[in-house]
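Inspection log for the structure reproduced underneath, given as C-alpha cells.
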C-alpha cells in the first residue's frame with residue numbers, strides 16, 4: 001500500500017459507481033470525480049480502482065457480500081457508494097461507507113443541496129468520510145479568499161478549496177489587499193483604498209454588512225483574527241513606521257503591541273491565542289519574531305537567510321510557515337517549528353517567487369502565491385513539498401490567499 005513520506009499508511013478505499021436515474025448520469029459522474037479528487041487531496045486515503053482487483057462496475061448498486069470479501073482479500077479497508085436523486089427542486093445524495101472486514105455499514109447519511117450545489121454534496125460526503133476514518137475534520141468544504149485583478153482592479157474573490165466556483169466578492173473599483181477569513185469563516189477582513197485611504201474593513205458574509213474597523217491616517221493592513229474572533233491584530237503606519245496593534249471587533253480597545261523604530265507587520269495568531277508571530281526588520285533585515293499576545297516576551301524565530309516575511313501559524317500550532325529568500329535571491333515557502341527546533345524548505349528552487357502562505361485546517365497542506373507561470377497564480381502544496389496543484393489559471397494576477405478553517 002502507498003505510504004506518505006512521513007511513514008503514515010494511507011487507508012485503502014474503493015469508490016463503487018454511484019446509483020441513480022439514467023437521466024442523472026452526468027451529475028453522478030461529476031459527483032464521483034469530485035469525491036475521488038477530494039479523497040486524494042486529503043492525503044489520508046489510497047484509492048483502489050474496481051478494475052484493479054477484478055470487480056465489475058457495470059451495475060451501480062450497494063456492494064454485496066461477495067464484493068466485500070473480494071475487496072477485503074485485496075487489502076481494501078473501506079467501500080464507498082452513493083445514490084443521487086432529486087427532492088424539492090434540489091438534490092439528495094444517499095451516502096454510505098462500509099468496512100470490508102465484517103461488511104458493516106459505518107456511514108449512512110442523506111445529504112441535501114440545491115440544484116447549483118451539486119459539487120458541494122461530494123465535498124460534504126468527503127468530509128464525513130475523513131471524520132469517520134481519521135477522527136479529524138476534513139477540508140473539502142473550506143473556501144479560499146484572495147485578491148485578483150481580473151476585473152482591471154484589485155478586488156477580493158472567493159473560491160472553493162479546489163479552485164472551483166470562483167466568485168468576485170467586492171466591487172470597490174479600487175485596490176484591495178490582504179483578505180483574511182475569521183476562524184468561523186463568517187467574516188472577511190481586508191484593506192481597501194475605496195475611500196482614498198487604505199482602511200481596514202470587516203464584511204459579514206451572512207448579513208452583507210461592511211464596516212470600517214481602522215481608518216487611521218496612513219496604512220491599515222495585514223489583519224489577523226484572534227482564535228475567538230473577537231479581536232484583530234493588524235499593522236498601521238499611523239505612528240510613522242509600521243507597528244502592530246490589537247482592536248476589538250466593535251472598534252474599541254485599541255492597544256499597541258510593538259514599540260520599535262523599525263517596521264513590525266504581518267501578525268499571525270497562534271491557535272491557542274497566547275502568542276503572535278510577526279515580521280520585523282529590527283535586526284537589519286526582515287525576520288520572523290514571536291511575542292506573547294500582550295506584546296511581551298519578544299524573541300526571534302528565524303535565523304537562516306537575511307529575508308524572511310509573512311508568517312502563517314499552523315492551525316495545529318506546530319509550524320510557522322513564511323516566505324524565505326534563498327541563495328538565488330528568490331522567495332520560497334519555508335516553515336519552522338514554532339519552538340524553533342527545526343526549519344524546512346517546502347517549495348523547490350527555481351527562477352520564480354513563492355510567497356503569502358496560508359494553512360489548511362488539517363495543518364498538512366498550504367496555499368500560496370507563485371509567479372512560476374508568469375502571472376501570479378495560487379497553488380496548493382503538501383507540507384512535505386509534494387502534491388503541488390494549481391488552483392487559478394486565468395490571465396489575471398491572483399495573490400494573497402487565505403484558507404478558511406471551516
Exercise for review: Take the alpha carbon gyration tensor of segment 280-392, find the square roots of its eigenvalues, order them as a ≥ b ≥ c, and report rounded if a/c is under 1.5; if not, report prolate when a/b exceeds b/c, else oblate.
Suggested key: oblate
Review point. Taking Cα atoms, how many degrees apart are the long axis of helix 118-134 and the longest axis of the chain, rounded to 10 and kept between 0 and 90?
Key: 90
Check your understanding: residue 106 to residue 373: extension gain in nm, 0.36 nm per residue of separation minus the Cα-Cα distance?
Key -> 91.7 nm
Review point. With the Cα gyration tensor of segment 232-275 giving a ≥ b ≥ c as the square roots of its eigenvalues, does the rule (a/c under 1.5 for rounded; else a/b larger than b/c for prolate; else oblate) give rounded, prolate or oblate?
Key: oblate
Revision key, fill the gap. Normalised per residue, the volume inside the convex hull of the alpha-carbon atoms of segment 1-135 in Å³ amounts to 104
Review point. How far, in nm, would the chain grow between residue 164 and residue 86 when pulled straight, counting 0.36 nm per residue and subtracting the alpha carbon separation?
Key: 25.8 nm
Study note, to complete from the structure: Computed over segment 252-406, the relative contact order (Cα-Cα under 8 Å, seq sep at least six) in percent reads 13
Exercise for review: Measure nothing but the geometry: give the 0 to 90° angle between the long axis through the Cα atoms of 25-41 and the longest principal axis through the Cα atoms of the chain, rounded to 10°.
Suggested key: 60
Study note, to complete from the structure: Per the helix-only model, the chain has a calculated mean residue ellipticity at 222 nm (DSSP H runs of ≥4, -39500 (n - 2.57) each, divided over all residues, rounded to the nearest 500) of -3500 deg cm²/dmol
Practice item. List the relative contact order of segment 344-406 as a percent without decimals, with contacts defined as Cα pairs under 8 Å and 6+ residues apart. Key: 31
Study note, to complete from the structure: Taking every C-alpha to C-alpha distance in the chain and binning by 20 Å from 0, the per-bin percentages run 26, 52, 21, 2
Review point. Given R₀ = 45 Å, FRET efficiency for residue 197-residue 303 by Cβ-Cβ distance, to 0.05?
Key: 0.75
Point to revise | Additional length obtainable on full extension of the chain from residue 9 to residue 390, 0.36 nm per residue less Cα span | key: 134.6 nm
**Study point:** Mean separation of Cα contacts under 8 Å, 6 or more apart, over the residue count of segment 143-403: relative contact order %
**Key:** 12
Exercise for review: Classify segment 177-297 as rounded, prolate or oblate, taking a ≥ b ≥ c as the square roots of the eigenvalues of its Cα gyration tensor: rounded when a/c is under 1.5, otherwise prolate if a/b is larger than b/c and oblate if not.
Suggested key: oblate
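Rule-based calculations on the coordinates, nothing more; no lab input. Just so it is clear, the model here is predicted, and its values are computed rather than measured. Every residue, glycine as well, gets a Cβ built from its backbone with ideal geometry; the counts of neighbours run over all protein chains shown.
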